[in-house]
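Computed from the coordinates by the stated procedures, all read-outs in this text should not be read as laboratory data. Please read all numbers here as calculations on a predicted model, not as lab measurements. So basically every Cβ, Gly included, is an ideal-geometry build from the backbone, and we count neighbours across all protein chains shown.
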Amino acid sequence: MKNNKWLALAVIILGTFMTMLDTSIVNIAIPKLMEIFHVDLSNVKWVLSAYSLALAAVIPLTGFLIDTFGTKRVFIFALSMFTLGSMLCGLSWSNSSLVMFRIIQAIGGGMIMPVAVTIIFTVFPHEERGAAMGYWGIVGMFGPALGPTIGGYIIANMDWGMMFLVNVPLGILGLIIASNALENSPTKPFQRFDIVGFISSVIGIVSLLYVLSEGASIDWGNTKNWILLSVGIISTVVFIANELTVKEPLLDLRVIKIYNYTVSQIVQTLHGLAFMGGVLILPLYLQQVRGFSALDTGFLLFPSAIAAGVTSAISGRLLVKVGLRKLTVPGLFIVAVTTYQLSLLDMNTSVQTILLLSTLRGLGMGFCMQPVGTAGIYAVPSHLVGRASALQNTIKQINQALCITVLTTLIQSHRLQFADRITEQASGILQQQAYNEALNYAMMLTLITILLSIIAVMFMKDQKIIKAQKA
């Protein structure tokens, strides 16, 4: 099975699917976890944020590890850690233990994405990379989109821990295939590890996100919050200065000089919030406001997953044929219109309307998520693809953690504001209305970022993508 590029693609798709699925499968279980562990949204959000934060912390290591140990060894180690973490998550006994085990899970998951891109650009010739990236990109849409459906089924019919334990047999299968299908890439002599960059990045990210998670309710009279804010800012400045000056940086920020790559990161960051709005806000609306079960919620969101997967699958080839802007701008407009309509949902909105809007939204997402990232990577010289991919995925995970923090904080604070206007004797319907208003407010925020991303994508160049594909 050596040198089988398509089998190699299959195994990295499997690993990526498992990783991406776990970015959203827990979303559908948030109400259940709040009930089981007796915690509120502000606590259970760390089950989501800790995973994204750990992914962001580990991804920068991947470029260094690939150079030192090779793609095969790194992929096998990453998949092993992810599988182990999944097993431990499924056996968790408290919210704190689940958060801790999600971090272990993310240590492996964070390496899978960048090493997957490196493998694709290593084993596939230039003319086949667009198709390979398109196939691989399907899981980028299908994984998070299918999370609510699979999670809903598990919550309704099995123990909640099966959301994670289902990864164990898949992980073992992936390890068997990877050990036979993958070949190790050339390695470089061991070089000095950028310990300053690693430590400063972790401290900066965690400190700033903790402060942001407090939202408007933060107590600025508490010295701890000022210390954390100061430490976060200083650590971030140290990280940037270090990465721009050290010989072998943890994250090669110098790839930011590549125009299309940089603009693609801006666009992805903007519509990343819109994507999280769909996978976080809609499940909360359907369960907390409308009273749907986790299973019904999953089935209602399933068509959007199919729509996103189909359009994502064909977007790789369309990117070369029609160009980036002609492909992504219509997709973003679809997302913008449907997001606006979703921000108007109330307790009487018909199921058919919700189904139609979420499906159209998924269709639009498929046309804009993967092509923008692919266009950015195409602009990078082949010898920098690994580092550029690591930076791209780091930005993505930091953004995802930030989006979760911002959205959950907004939802929580605005729900309490609306609830304060309601007397203690008010009916449960009015309490649901307060939740509904808070979710609509958060959804409207995602609309603003979509409109900004439409403007940003207009600054990306189509010609470079087409030329790179033909080279």
key: Residue that is surrounded by the most Cβ atoms within 10 Å (Cβ to Cβ), among those in segment 290-327 that are farther than 27 Å from residue 440 by Cβ and of a type in the set (D, E, K, R)   = 325
task = Please give the helices (runs of 4 or more DSSP H) falling wholly within segment 23-107 in which 2 or more residues are charged (D, E, K, R) and in contact (Cβ under 8 Å) with a residue 60 or more places away in the chain.
result = 41-69, 71-90
task = From (1) surrounded by fewer than 19 Cβ atoms within 10 Å (Cβ to Cβ); (2) touching a helix residue (DSSP H, G or I) at 6+ places or on another chain (Cβ under 8 Å), pick out the condition that doesn't hold for residue 92.
result = (1)
inquiry  = Given the options 106, 57, name the one that is under 21 Å from the mean Cα position of the chain (by Cα) and either β-branched (Val, Ile, Thr) or under 27 Å from residue 297 (Cβ atoms) (or both).
reply    = 106
Residue identified as within 30 Å of residue 363 (Cα to Cα) and basic (Lys, Arg) among 254, 290 = 290
Residue selected from segment 260-281 under the condition among the β-branched types (Val, Ile, Thr) and under 17 Å from residue 304 (Cα atoms), by the criterion surrounded by the fewest Cβ atoms within 10 Å (Cβ to Cβ) = 279
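Taking residue 333, is it among the aromatic types (Phe, Trp, Tyr) and under 23 Å from the mean Cα position of the chain (by Cα)? Talk me through it step by step, then tell me what you get.
Numbers: among the aromatic types (Phe, Trp, Tyr): yes; under 23 Å from the mean Cα position of the chain (by Cα): yes.
Criteria met by residue 333.
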task = Please determine, by comparing only the residues of segment 328-338 that are surrounded by 24 or more Cβ atoms within 10 Å (Cβ to Cβ) and touching a residue at least 40 places away in the same chain (Cβ under 8 Å), which one is farthest from residue 457 (Cα to Cα).
result = 335
